[in-house]
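Reading through the structure tokens given below for one structure.
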Amino acid sequence: MSKLECKDLSKSFSISGDTIEVINNINLSITEGDKVAITGKSGAGKSTLLQILASLDSPTSGRVYLDKTDFASLSNDGLSQIRLHNFGFVYQFHHLLEDLTVLENVLIPTQIANNSIYRNDALQIIEEVGLANRLNHLPWKLSGGEKQRVAIARALINKPKFIFLDEPTGNLDEKNASIIQKLLFEISETYKVALITATHDNNFIKNFDKIYKLEDNKLTEA
């Protein structure tokens, strides 16, 4: 099974001559199928850590590996291929394209991959997230919870090994948040995909296999 690892990971920014440390000397290992929650106060660096693990940002020092492939050794095109074939993304805000239907939004990653054989997969996933009757709806016709389900389906379409979720229920009411949480765990079991989730939601956190807290730039097991 695939493994995503970071070793001695640190990230800092320089602003007006001052160095601001965001994360410091973080070591983490996540295997395909794991359910990992990262908690911490706003501004603690949770999103920064997710961005680095997903190859969307670079660390100041340290390394990130996917199955022993060092991200630092790859070109931008190489990193794009890593993301395309191994990672899915779900954010607090769904980031759907408003002029595309549910089906078209879900198929976006497959178009980037120049692969047109995914339509049947998309139909199946859309049914699994409970939106078969919304297939041709535009986003403005969907509720917030339904939009997030489209985002989850889109994250799954390329059959990733890891899905990164940044406050995926943070913009939803309690009922819809509960629906999305249940759906994510079902998807993780069905597809054997790892969930790497930054969240403040205590009801969500308690159901994860591994729980970490990011505080004072350090990551500790909670």
Net lengthening on full extension, residue 203/residue 68 (0.36 nm per residue, minus Cα-Cα) = 45.2 nm
message = On C-alpha positions alone, give me the angle between the axis of helix 76-86 and the longest principal axis of the chain, in degrees, nearest 10.
response = 60 degrees
request  = Please state the charge dipole magnitude for the chain, taken about the Cα centre, from unit charges on C-beta atoms (+1 on K and R, -1 on D and E), reported in debye and rounded to the nearest 20.
outcome  = 260 debye
note = With all protein chains in place and a 1.4 Å probe, residue 70 shows an accessible area in Å² (nearest 10) of 30 Å²
Relative intensity, log₁₀ I(q)/I(0), of the chain from a Debye sum that treats every alpha carbon as a point, q = 0.18 Å⁻¹ = -1.35
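Please say if segment 71-201 is rounded, prolate or oblate, where rounded means a/c under 1.5 for a ≥ b ≥ c the square roots of the C-alpha gyration tensor eigenvalues, and otherwise the choice is prolate for a/b larger than b/c and oblate otherwise?
Note, shape of segment 71-201 comes out oblate.
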message = If you average the C-alpha positions of segment 1-31 and of segment 149-167 separately, how far apart do those two centres end up, in angstrom?
response = 23 Å
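What dipole magnitude, in Debye to the nearest 20, does segment 80-210 give about its Cα centre under +1 on Lys/Arg Cβ and -1 on Asp/Glu Cβ?
280 debye
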query = Pulled fully out, how much extra length does the chain show between residue 29 and residue 174, if you take 0.36 nm times their separation in residues and subtract their Cα-Cα distance?
reply = 49.1 nm
remark   = With 0.36 nm assigned to each residue of separation and the Cα-Cα distance removed, residue 190 to residue 75 gains 38.1 nm
Alpha-carbon Debye profile of segment 17-121, log10 I(q)/I(0) at 0.16 Å⁻¹ = -0.93
remark   = In terms of the charge dipole of segment 93-192, which places +1 on Lys and Arg and -1 on Asp and Glu at the beta carbon, the residue among 109, 168, 131 farthest towards the positive end is 109
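Over the chain, with the other protein chains present, what is the accessible area per residue in square angstrom, probe 1.4 angstrom?
Normalised by residue count, the accessible surface of the chain is 50 Å².
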ask   = Picking from 23, 64, 80, whose Cα lies most toward the positive end of the charge dipole for segment 1-81 (charges on Cβ: Lys, Arg +1; Asp, Glu -1)?
value = 23
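For the chain, what % of the accessible area comes from carbon and sulfur atoms, probe 1.4 Å? Before the final figure, lay out each step's value.
Details: 5160 of 11120 Å².
Looking at the chain in its full context, I get 46 percent from C and S.
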task = Rounded to the nearest 500, what is the 222 nm mean residue ellipticity of the chain from helices alone, with -39500 (n - 2.57) per DSSP H run of 4+ residues and division by all residues?
result = -9500 deg cm²/dmol
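The values are calculated or read from the model by the stated rules, or taken from the named source; none is laboratory data. Treat the numbers as computed from the prediction; the structure is a model and nothing was measured. Note that each Cβ is placed from the backbone with ideal geometry, even for glycine, and that neighbours are counted across all protein chains shown. For accessibility, only protein heavy atoms count, side chains too; no ligands or nucleic acids. Shrake-Rupley method; radii C 1.70, N 1.55, O 1.52, S 1.80 Å.
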